[in-house]
Amino acid sequence: AEILHVLGARPNFPKAAPVIRALDALAIPGLTQQIVHTGQHYDTLMSDVFFADLGLPEPVANLGVGSGSHGKQTGALLAGLEDLIAERRPELVLVYGDVNSTLAAALVCSKMGVPFGHVEAGLRSFDRTMPEEINRIVTDSLADLLFATSPEAIGLLGQEGISPDKVHLVGNPMIDSLFAALPKLDAAAMRARFSLPERYGVATLHRPGNVDDVAAARELVEAVNEVSRMLPIVLPLHPRGRATLAEAGLVATPDLQIVDPLGYLDFMSLVRGAALVLTDSGGVQEETTALKVPCLTARPNTERPITCTHGTNKLVTPATMVAAAKEALSAEAEWPPEGPPLWDGQAGPRIAHVLKRWLAARR
Ligand code: UD1
Ligand code: UDP
């Protein structure tokens, strides 16, 4: 019997690596596991580098779906995954996070009667203008097994009529990857590479709400520029925003370095040593919470409120970012003493144990 992990975009890789490792460690007789890469992300720095950095095994197939509108991309994903799943007939599929590859795999599995589990279930921003929110709602409503990173997920899923029997609070596999990488992180090497002083900031921007519209992007660029005059910033830029952010006036300065996306170990090294992170990423909100690095999230809402209540995260707008940065950098800044429950590096093993029981019950 086979467990098939469907991966496609950058945030999928650090979520899957600890699950794959923990399943391997259990050595369940007769069980094999494989990765299928959908090809949603395809640049070396958006994909390949993560396989090396996280020790992920080679995918058994790459569907090569590439970029496109939501309809075109999701359509290509559905067609490619349907053929693959018909051919391999896995006993269980695992999907991760909230990208289009996740949604497509959920739909295909449901239609083909193949059970699937959703890792990172029950996150809600309550903002249906976000494509990820649609992906999360549909994926959770169809999943046979739901693995939650935070306790409030159970109640949120319950409100949508999802039985608590299917939901398992396991902690956060993203943080398993981070903790496993800690001994390999080298902030000093990143400071040298980017000629940074002791105190520096890191920024990432890629949400459609921030980088698809020139007017919205312009406000954000001005705020990031102003923060960079207090604290030099490195911005590893996601390919999505390149053109629009440039049109909105984003230019490199000595205090604002715009660089290609970084590999996982380089990026986490940079974040670990940072005095402040500006972001609109989902995963980065969590990683900064685990590392206790102050994080300002340029979004009107978050599906990860636990990073605000139990972590270093704060939601900002372009209008509030500069003052929030001053405050976060001041000596008086204080953070909640207790981190999120179960963000302890053991989410992968917890998921693997649930899967072992589930497989045993079916045989
Ligand atoms: C996707 C996810 C988003 C996630 C992000 C993580 C969806 C709907 N969105 O957004 O939730 O936060 O990944 O990074 O699934 N591109 C490249 N090279 C690549 C990949 C993309 O140049 O390897 C460019 C293309 O111009 C493409 C654009 O980025 O059109 C957007 O890529 P896409 O995969 O559609 O969505 P993301 O914005 O990356
Ligand atoms: N990341 C990375 N290099 C970068 C930016 C991000 O390695 O230049 C990692 C980081 O671990 C982050 C993950 O990729 O949590 C997913 O990032 P992204 O912001 O693309 O996706 P999101 O979490 O917003 O869906």
In the calculated pair distance distribution of segment 224-308, what percentage of Cα-Cα distances lie above 23 Å? 21 percent
Pull up all non-local amide H partners of residue 121: gap of 5 or more, or a different chain, and H-to-H distance under 5 Å with H placed in the peptide plane. 147, 148, 149
Straight-line reach from residue 356: which lysines fall under 17 Å, measuring Cα to Cα and dropping same-chain residues less than 8 apart? 166
Compute the orientation-averaged projected area for segment 22-89 from the convex hull of its Cα atoms and round it to one decimal in nm². 5.5 nm²
Using the Cα centre of segment 130-223 as origin and beta-carbon charges of +1 (Lys, Arg) and -1 (Asp, Glu), tell me which of 202, 168, 155 is placed farthest towards the positive end of the dipole. 202
Within 10 Å of each candidate Cβ there may be at most 14 other Cβ atoms; applying that plus a DSSP loop requirement, which trypsin sites (Lys or Arg not before Pro) in segment 103-178 survive? 128
Is there a quick way to get the dipole size of the chain? I mean about its Cα centre, with the Cβ of Lys and Arg at +1 and of Asp and Glu at -1; what is the value in debye to the nearest 20? 440 debye
Send over the semi-axes of segment 153-278's equivalent ellipsoid, whole angstrom and largest first, taken as the square roots of 5 times the C-alpha gyration tensor eigenvalues. 31, 23, 11
For Cα pairs less than 8 Å apart in space and 6+ apart in sequence, what is the mean separation divided by the residue count of segment 297-363, i.e. the relative contact order in percent? 31 percent
Kindly state, to the nearest 0.05, the FRET efficiency for residue 229 paired with residue 72, given R0 = 35 Å and r defined as their beta-carbon distance. 0.25
With the cut-off at 1.5 for a/c, could you classify segment 250-299 from its C-alpha gyration tensor as rounded, prolate or oblate? prolate
Given a 1.4 Å probe and every protein chain left where it sits, what share in percent of the accessible area of the chain is carbon and sulfur? 54 percent
Shape call for segment 90-178, from the Cα gyration tensor axes a ≥ b ≥ c (a/c under 1.5 means rounded, otherwise prolate when a/b beats b/c, else oblate), comes out rounded
Exposure rank, largest accessible area first [96, 42; 1.4 Å]: 42, 96
Given contacts defined as C-alpha pairs under 8 Å and at least six residues apart, what's the relative contact order of the chain, whole-number percent? 17 percent
Solvent-accessible heavy-atom area per residue, rounded to whole Å², over the chain at 1.4 Å: 40 Å²
Rg/Rh (Cα only; Kirkwood hydrodynamic radius) as it applies to segment 25-182: 0.95
Quick one: plug the Kirkwood hydrodynamic radius of segment 246-363 (C-alpha pairs) into Stokes-Einstein at 37 °C, 0.692 mPa s, and report D in µm²/s. 199 µm²/s
Counting only the backbone N, which residues of segment 308-348 are under 12 Å from the spot 7 Å out from the Cα of residue 179 toward its beta-carbon? 340-348
Using the Cα atoms of the chain, I'd like the radius of gyration and the largest Cα-Cα distance, Dmax, both in angstrom. 19.9, 62
Please turn the phi angles of segment 125-131 into ³J(HN,Hα) values with the Karplus equation 6.51 cos²θ - 1.76 cosθ + 1.60 (θ = phi - 60°), one per residue in order, whole Hz, x for glycine and proline. 8, 6, 10, 7, 7, 7, x
What is the packing order of peptides 353-361, 174-182, taking the mean over residues of other C-beta atoms within 10 Å and listing the highest first? 174-182, 353-361
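The values are calculated or read from the model by the stated rules, or taken from the named source; none is laboratory data. What you are looking at is a predicted structure, and each value in this text was computed from that prediction instead of being measured. Note that each Cβ is placed from the backbone with ideal geometry, even for glycine, and that neighbours are counted across all protein chains shown. With ligands, DNA and RNA removed, areas are computed over all heavy atoms of the protein, side chains included. Shrake-Rupley method; radii C 1.70, N 1.55, O 1.52, S 1.80 Å.
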